[in-house]
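Taking it in order: structure first as structure tokens, then the write-up.
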Amino acid sequence: MTTPPVRDALATLQIQRRDAPRGPSFLARMFQLLALLIVLAGVGVAGFVVAQHQGWLKASDEWLPTAIRALPEVRITKVSVELGRSADAVVVATGYLVSYRQANIGARAAGRIETVNVEEGTRVKAGEVIAVLDHKDVDAALAGAKAAVRRAQAELAEQDVAIARAKKDLDRKTKLKESSAITDSQWDEVYFMHQSMIAKRDTLDAAVTLAEAKVQETEQFRENLIVRAPFDATVVSKDAEVGESILPGGMGEASGRGSVVTLADLDRLEVDCDVKEDYISRVMSGSPAEVAVDAVPNKRYAAKVRKVIPMGDRARATIKVRVAILDADQRLFPNMSAKVYFLPEPGEKKVKEVREKRIFCDSDAVVGTGADRAVWTVGDDLRVKRVPITAGEDRDGRTEIVEGLSGGERVIINPSPEIYEQQLVKLRD
């Protein structure tokens, strides 16, 4: 058996070729499917946005998830219940309680706090020590200043003795001069020595005065390291602790605190409120008022207008008014929210004592006219409901509700004309 030549063997080898083209790979098909899904999602979102913009989706959008739905934002207010004189108020304004006198109290010199004698709620009298800063170095300087005074006084006393001795010597020399026992030059020497000692005494007396002034200066600097209450008040905030550094004027926490405590005169509280320009003509200094505080329900505090600040707020179209509370008690504190009812002057309108409750609503929440008036309320589930009402008098931006509401309901201010029953809304901050 013979072996075929190598050339013949190579000629028998062939590469099989496929005439049919290959299809796309699996990875390519996955990319195509993903691109198709992205395009479909974009088309759906675009269609939803257009539908919302055109108002096509109304009640039919309830099937959409809450996270997808574009909830309209609304501003709400509560329906109030008024009793007594406040129901006849000519103007109603809201504000916050402030103290007639309130101050951040700190030291008049920089230092480290050594002791703090008060806590929040402590009542202090004018001049009472609130805190003491470390003053050991000042005590040492004060002791040195007092020693310098004693030294200057001793030198002055020594000079007085020298002057007395020189005076006697001068008297003797004067008698000798009269009898021509000494020459004029000898008498002149004694005379000018006496005058020199008198002049030196003036210098030493000034040194005593200077040393005493130094003592007063050091004592005042030491007093500056003692924090005292400037008026009778209550500690409403403790701003620093023992060991902390303090700087006069307050330079920030990076460099040191500026105050030890915050004091407020809680016996003289007032309401800082803003009154609309349209109604400021009804408010005058000294006019009677009543104050309602949310933290003290079913209580009306007697008050009077203390001051109308002669400066308007251009952006808000309001005037700031200060109303003093006449019968403040221990339940009132600064920064509490309050509502002020500005009452008519005694001769302007007879104010009746009303025993039954009266319901009032913000006039901007009332829609419709005549017998078709209503408000849109917001329930706990944030769905709106149209409530027909019977309205009474409109005064100072609020409307008295005769029928339809009982007080405490949340109503929408300036509701949109496109709002509908049971619509889900979002409350605006």
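Values in this text are rule-based calculations from the coordinates and carry no lab data. Not measured: the values here are computed from a predicted model. Note: ideal-geometry Cβ built from the backbone for every residue, glycine included; neighbour counts use all protein chains shown.
Mind checking which lysines have their C-alpha under 25 Å from Lys357, skipping anything on the same chain fewer than 8 residues away?
Lys78, Lys299, Lys304, Lys339, Lys349, Lys385
Under a Cβ-only charge scheme (Lys and Arg +1, Asp and Glu -1), can you give me the dipole magnitude of region 136-224 about the Cα centre, in debye to the nearest 20?
On the way: 15 positive and 17 negative charges, 67 e Å.
In debye, rounded to 20, region 136-224 gives about 320.
In the structure shown, do any of Lys146/Lys238; Lys136/Lys238; Lys177/Lys200 have a Cα-Cα gap over 31 Å, and if so which? Don't skip to the answer; put the middle values down first.
Details: Lys146/Lys238 36 Å; Lys136/Lys238 25 Å; Lys177/Lys200 26 Å.
Listed pairs above 31 Å: Lys146/Lys238.
Neighbour counts of other C-beta atoms within 10 Å: give me Phe192, Phe342, Phe333 arranged from fewest to most. Write out the running numbers ahead of the final one.
Numbers: Phe192 11, Phe342 26, Phe333 16.
By the 10 Å Cβ count, ascending: Phe192, Phe333, Phe342.
Could you give each residue of region 320-325 its phi-based ³J(HN,Hα) in whole Hz, using Karplus coefficients 6.51, -1.76, 1.60 with θ = phi - 60°, and x for Gly or Pro?
Couplings: 7, 10, 9, 10, 7, 8 Hz.
Measure off 7 Å from each Cα along the Cα-to-Cβ vector at Arg228 and Arg373, then give the distance between these two points in nanometres to one decimal.
6.2 nm
Could you tell me the calculated FRET efficiency between Asp139 and Ala162, based on Cβ-Cβ distance and R0 = 30 angstrom, to the nearest 0.05?
On the way: r = 35 Å, r/R0 = 1.17.
FRET efficiency, Asp139 to Ala162: 0.30.
For the pair Glu345/Glu128, report the inter-label distance in nm, with labels modelled 7 Å from Cα in the Cβ direction.
Rounded to a tenth, the inter-label distance reads 4.3 nm.
For Arg428, Arg268, which order do you get if you count the other beta carbons within 10 Å of each Cβ and list the fewest first? List each step's numbers first, then the result.
Values: Arg428 11, Arg268 15.
Fewest to most other Cβ atoms nearby, the residues stand as Arg428, Arg268.
Give me Trp376, Trp187 sorted ascending by neighbouring Cβ count inside 10 Å, so fewest comes first.
Trp187, Trp376
Tell me, what ³J(HN,Hα) does each residue in region 265-279 have, in order and in whole Hz, if you take phi through Karplus 6.51 cos²θ - 1.76 cosθ + 1.60 with θ = phi - 60° and put x for Gly and Pro?
Listing the rounded values in order: 7, 7, 7, 10, 9, 8, 9, 9, 10, 10, 10, 4, 4, 5, 10 Hz.
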